[in-house]
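So the structure is just underneath, and the comments pick up after that.
The values are calculated or read from the model by the stated rules, or taken from the named source; none is laboratory data. Keep in mind that what you see is a predicted model, and the values were worked out from it rather than measured. Neighbour counts are summed over all protein chains in view; Cβ atoms, including those assigned to glycine, are modelled from backbone coordinates with ideal geometry.
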Amino acid sequence: MTQSHVDVRTGRAIGSYPTYAEAQRVVDRLSDEKFPVEHVSIVGKDLRLVEKVVGRMTVGRAALAGLATGAWFGAVVGLVFWIVSPWALGAVVAAVLIGALFGAIWGAVAHLLTRGERDFASVSGLDAAAYEVIVDESHFADALRILEPASPAPGTRPTSDTG
């Protein structure tokens, strides 16, 4: 597989789409037609950070989240011990329990140390106003040829050749 980099400043937009999924479908269509997709980029325009608040963070929830994280970490450590000592299955159980206890304590203490500065849980992500599919200048005509027979996808805004 050849590595190529699309220079979005000199590449040309073959379309602008309101959702990432629509832009992804265009690239997938190119790929299905054996187009060298390493010459394609999807570029989000007018990016913004969106933080969705999912709930109130309490000491109990912080401890529960820490418990889960600690249990996972303990399971990984326990499995490493089990690999080198397969007869010691108790080490896995002990590691999970110790990790869960330590994680719960750590989660509660860490939350208390914030002194109410951030008493909510959230999930962050990037969102764009539009997603442009950019193709290297040298492959632009081929991409258009592949995509032109199809009717435009809903919500697309065809771009001009001057772009």
Scope region 109-136; condition within 23 Å of Asp28 (Cα to Cα) and touching a strand residue (DSSP E or B) at 6+ places or on another chain (Cβ under 7 Å); matching residues
Leu126, Asp127, Ala128, Ala129, Ala130, Tyr131, Glu132, Val133, Ile134, Val135
Note on region 77-119: residues closer than 30 Å to Leu49 by Cα and modelled with pLDDT under 90 are Thr114, Arg115, Gly116, Glu117, Arg118, Asp119
Looking at this structure, is Ser31 within 25 Å of the chain's Cα centre (by Cα), in the same structural domain as Val133 (by TED's automatic domain parsing) and surrounded by 15 or more Cβ atoms within 10 Å (Cβ to Cβ)?
no
Go through the residues of region 44-66 one by one and say whether even a single one is at pLDDT below 95, touching a Lys or Arg at 6+ places or on another chain (Cβ under 9 Å), outside the structural domain of Ala143 (by TED's automatic domain parsing) and surrounded by 15 or more Cβ atoms within 10 Å (Cβ to Cβ).
yes
Regarding region 129-137, can at least one residue be identified that is within 23 Å of Asp32 (Cβ to Cβ) and modelled with pLDDT under 90?
yes
